[in-house]
Structures are given as structure tokens and as C-alpha cells.
Amino acid sequence: MSNRRIYMIILSVLVLTGAISSASAQIEGSPHDLSAVAGGATCSFCHTPHGALAGTPLWSHKLSTAVYQIYQSSSLEADVGQPTGSSKLCLSCHDGTVALTESLTGGITGSTYIAPGSANLGTDLSDDHPISFVYSSTLSARDPHIRPPLTLPEQLKLDRSNELQCTTCHDPHDNRFGDFLVMPNDRSRMCTSCHDLTGWVASSHESSNVPVGAASDPYLQSTTYGTLADAGCSACHRPHGAGGSERLLHFARLEDNCLNCHDGSVARTNIRADLAKFSRHDVVQYEGIHDPRETPGAVPTHVECVDCHNPHTVQQGTTQAPLIQAAMQGASGMTTSGAAIQSAQFEYEVCFKCHADSSGRIGPVVTRQITQTNVRLAFDPSGPSFHPVTAPGTNQQVPSLKPPMTVATQIYCSDCHSSDSSSLSKGPHGSVHPHLLAYRYEMSDFTQENSSSYELCYQCHSRNSILNDESFPAHKEHLEDGIPCSACHDPHGVSASQGTALNNSHLINFDIAIVQPDPSTGRLEFEDLGIFHGQCFLSCHGNRHSPRDY
């Protein structure tokens, strides 16, 4: 039996069962109702009972001969080629190269084409969801974020070659869900039927009831989604005509996809304002460098929002140091041993990606006796002294600590490096103070001591205790002489390979722009002689210590 005979039988069955009239009724009044263009016949715009394209559902519309730019990204595991199967039928109209009235049997050429807009995909499909690839168990095994094909809901149908096509997501005959979707996509029900992103279900982006209507993105404004939870994936991604082709983001610049909401319009905090401050993680400076599959510590210098935040796993809530902050859940990092990890467990591991072994890390801020710009080594628990970031400190006598802090307390990098106190945001986005410090911390010689000049230190250390010389009998004298805290103390720490417990306990690492060697002995040294007991060999403000003990 010929193919044409088979198609005629199928068409007769569809007519007798009412399937054709049912589809026609669903199309009438929808964007696919082109009866005015097609001479009053709804179905004949795409279908014909005679002379149809072989191997198709009685297809009559002329196919495009275009060669398409296809979607590609570094995180794509599927093998995507030129469109095949039913997708070629859809593109015969939606790529805008064939007149709407052109058919396989003739028709009017050079007449009406699909109008410019979101439905006209053009021949550049690099900014559209990939199509015409085999969706198999092999693919889901390669990419753990893709669900196995056997778990797909019945609405999402692959073709007979197990390829995902336009018709997997769109039913051209049924527009009840809008955009001819095969199922509702509120809360990203359709997206998450295929995409299984680790941590998404428990993330704050997945569950937030914040209204999205105030977002600056016209695409998001044009949707009917009321809240961020309703919008789901659509808050950041769009399946067609994406601004950022890789990963189908709304905007080409990575940070714009975050600042679209985190500018105070949707999210509570205005990160955009922080990023315009004097000292900042300057995400705007970098473009096209970050890649989600990059290996921490082995990439060109850059910083983007997604270097510290994973939008699919971000959470709300409070945590206790050193555990990773809720807003940084799922970010990659580097361990205290220098090993790259895809999901950091501690906040400092995220910071270590750039501020440890990276060749582009920041140079020394103070001209110290011992120079160390690798903070992983400075915070090494085997070192002679360090602020308690990676482990509790080594000093068991710190009377200046404010309750409830004790010598067993650990702190975050972001306790010191963060948006300044005038901002409602947390984390090192931007600050009016140098070096992304949350509070004022003067490092210049002859600084007049007051509660503001060393506000950063006084967040944890009692000013009264310091000025009462409870831990060092000359603290008050030094501070009143205008000697800054940084002249003697290195706030990060001293690495085990460079310092010793005898000379570098209590974070001692002199600023050699302020402190010089003792001219009598030539020594520039501190010696720890026991609890609250030590001596110095140096010269400072014309005062010689040859040595001076306490």
C-alpha cells in the first residue's frame, strides 16, 4: 500500500472521529489561526490530504532550506546538530525565510512572512533551547542534571527517534496553557520535568513569594507570573531569544541577570548600589571569562556573582562560622590543602579560590617584614598565629574578646570583609572602606586613636580592655602615640613556613614602613617569653627597643 493511500485512510479516520474538527476548534482564535492568510481554511495552512511530504503528518507547507546556527555551551552534554523531524516543520514558518502561503504544491510566493517578534526565531538558534538531539539514558548518565527519559511525564513526548523536538514542549493544536505549551509551566513544572538541578527544590529562589512585577526585565514583566516562585526558571532563563546565548539567560552580561532583581526592586537589598562603591568586587569589569565548569584556582582572574553564589542552591537563614553561608550554598571552592572542590563546605573555601593560590591574587597592602599574599597559607592552623578563620586560634589568653566570643570562637572572612554597615546587604559586595572592609580600619602612621579609627578591631575586641592594657601593658601608649594596630599585627596571620611561635605569636609581623631595626643590635624582632611576657628589638618613632621587655 502506498504512503499516499495510508495518509488518506488516516485523514478519513481523523475526520470520522472528530479529531480534525476538535484540533480545528482549538486552533480557531489562537495565534495559529491563519485562516485569513490561508484563504479561510484553518487546517490547510499546514496540512493537505494529497501531495503531502512523505513521512510527515500530511504536511503541506514548504520547508526552509536554511542552515542554522545551533545552540552550544560548555555545559551542554547533548549532541546537537541541524534541526530534524517535526522541528523542521515548525521552522518552515518560524525561521521567517518562507512565505506563510508557500506550500509544496505551489502557493503564493513572496507574500506574507511571519511577523518580527518572539515567534520569529530566525536562522540563529544559538539563543534558543536546543532541539533535535537524542534524549537518552546515556545523556542523563553523562549529565546528572538531566532526568532519565523514562521519568518524563506523558505530556513531554520524544519523537520516534527518541529526539527532543519543538513538539516535545509545544502542541501546535492546543494553546490552552499559552505559547502552545503541552503542560503548565508555573513554578517551572515543565522545565524541572527534564532538568534536575541539585539543591533547587530547597533553594530560596524556588520558594520565594516576592513579587517579580517590579523587575527591570521586559520579558519578566510580560509574563503572568506573580511571584519569584511562580516564575521559577523563567526569572533568569528564557527558552527562545535569550540575551545570553549560553545557558539561555535573559541578559548577555552575567551580573545583569542577578541585578535585575537584586537592585532593590524585587530583592530587599540593593547590591547594585554596593557594587558602585569605592571598594568592591567589581563584577562589571569582567565579561565572558567565567565558566560554570572552570576549575577553581586554574582560571584567568575574574569575579562574577556566580563565583560566590549558586543561584540554583542559594538559601536564606543564618549559619555559624566556619560553615558556608546560606547564600553561598553550592558555590565551588578550594580547601585548606589547595584542592579544588565543586561544592564548598566552608565560607573560606570560596574565598580561597581567588585569594589563595591564584596567580591573579591581590598584592601586599602593607610592607611587612614577612610578605604573604596567599591567605590559605596565612590562615594555616599549623602557623604560629592566625585569626581564627579555618580553626580556633592558638592564643588561649585574649582578655579583650567581647562576649559571647571566646578563644574557641571561629569567624568568617566576611566578618571583616563585607559591605559597609550603611548597607542592608551582607557579604563582600562593596564598601566605602578600603579593601572591602565592613568597618573603618586605619593603617596610616600617626593615626589618632578613637572608637572610629579602629572600628573594625573593636567589633570583636573591647576598646576599654585594649586601652586598659589588659593583654599588653603598652597598648594604650602605642595607640596614643599614633601607632596603628597594623604596625605590629598582621590581621590574617603568619604562615608556618615563614614565621615561628617565638617571633610571630599574637599576629606579630611588623610594618617596616613604620617599624625599623634597632640601630644598636640591627635586630627587628619580637620574642615571646611566655604568657603576657615578651620583648622587642626595634626602633619606632625614634624610640629604640634594645630590647624593651614587658
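The values are calculated or read from the model by the stated rules, or taken from the named source; none is laboratory data. These figures come from a predicted structure and were not determined experimentally. Note that each Cβ is placed from the backbone with ideal geometry, even for glycine, and that neighbours are counted across all protein chains shown.
Annotations
- Residue in the stretch 120-149 that is farthest from L100 (Cα to Cα), counting only those that are in contact (Cβ under 8 Å) with a residue 40 or more places away in the chain and among the β-branched types (V, I, T): I146
- Scanning the stretch 356-381 for residues that are of a type outside the set (F, W, Y), in a loop (DSSP other than H, G, I, E, B) and in contact with a Phe, Trp or Tyr (Cβ under 8 Å, 6 or more places away or on another chain) turns up Q369, D380.
- In the stretch 181-229, the qualifying residues are those that are within 21 Å of the chain's Cα centre (by Cα) and among the aromatic types (F, W, Y), and the one that is surrounded by the most Cβ atoms within 10 Å (Cβ to Cβ) is W200.
- Considering residues of the stretch 457-470 that are touching a residue at least 24 places away in the same chain (Cβ under 8 Å), touching an Asp or Glu at 6+ places or on another chain (Cβ under 9 Å) and part of a loop (DSSP other than H, G, I, E, B) only, the residue farthest from T406 (Cα to Cα): S462
- Where A252 falls short, out of the listed (1) crowded, with 19+ Cβ neighbours inside 10 Å; (2) in contact with a Gly (Cβ under 6 Å, 6 or more places away or on another chain): (1)
- From the list S486, S451, S497, the one residue that fits, being part of a loop (DSSP other than H, G, I, E, B), within 27 Å of T409 (Cα to Cα) and in contact with a Phe, Trp or Tyr (Cβ under 8 Å, 6 or more places away or on another chain), is S451.
- Single unsatisfied condition, M1 versus (1) at pLDDT 90 or above; (2) in a loop (DSSP other than H, G, I, E, B): (1)
- One residue from H433, H429 being under 20 Å from V350 (Cβ atoms) and touching a strand residue (DSSP E or B) at 6+ places or on another chain (Cβ under 7 Å): H429
- Scanning the stretch 300-344 for residues being assigned to a loop (DSSP other than H, G, I, E, B) and surrounded by fewer than 17 Cβ atoms within 10 Å (Cβ to Cβ) gives a total of 12.
- P364 fulfils the conditions (1) at pLDDT 95 or above; (2) within 16 Å of L507 (Cβ to Cβ) except for a single criterion, (1).
Okay, residues lined up against (1) among the polar types (S, T, N, Q); (2) touching a residue at least 40 places away in the same chain (Cβ under 8 Å):
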position	(1), (2)
I289	no, no
E294	no, no
T301	yes, yes
E304	no, yes
N310	yes, yes
Q315	yes, yes
T318	yes, no
Q325	yes, yes
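- Residue match in the stretch 516-533 (condition: part of a helix (DSSP H, G or I), of a type outside the set (S, T, N, Q) and within 24 Å of V407 (Cβ to Cβ)): no
- Search result, residues across the stretch 269-284 that are modelled with pLDDT of 95 or more and among the polar types (S, T, N, Q): S279
For (1) of a type outside the set (A, V, I, L, M, F, W, C); (2) surrounded by 14 or more Cβ atoms within 10 Å (Cβ to Cβ), each residue gets a yes or a no:
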site: H461; (1), (2): yes, yes
site: H478; (1), (2): yes, yes
site: H492; (1), (2): yes, yes
site: L502; (1), (2): no, no
site: I512; (1), (2): no, yes
site: G522; (1), (2): yes, no
site: G534; (1), (2): yes, yes
site: L538; (1), (2): no, yes
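- Filter result for G40 (farther than 24 Å from G122 by Cα, loosely packed, with under 14 Cβ neighbours inside 10 Å and modelled with pLDDT under 80): yes
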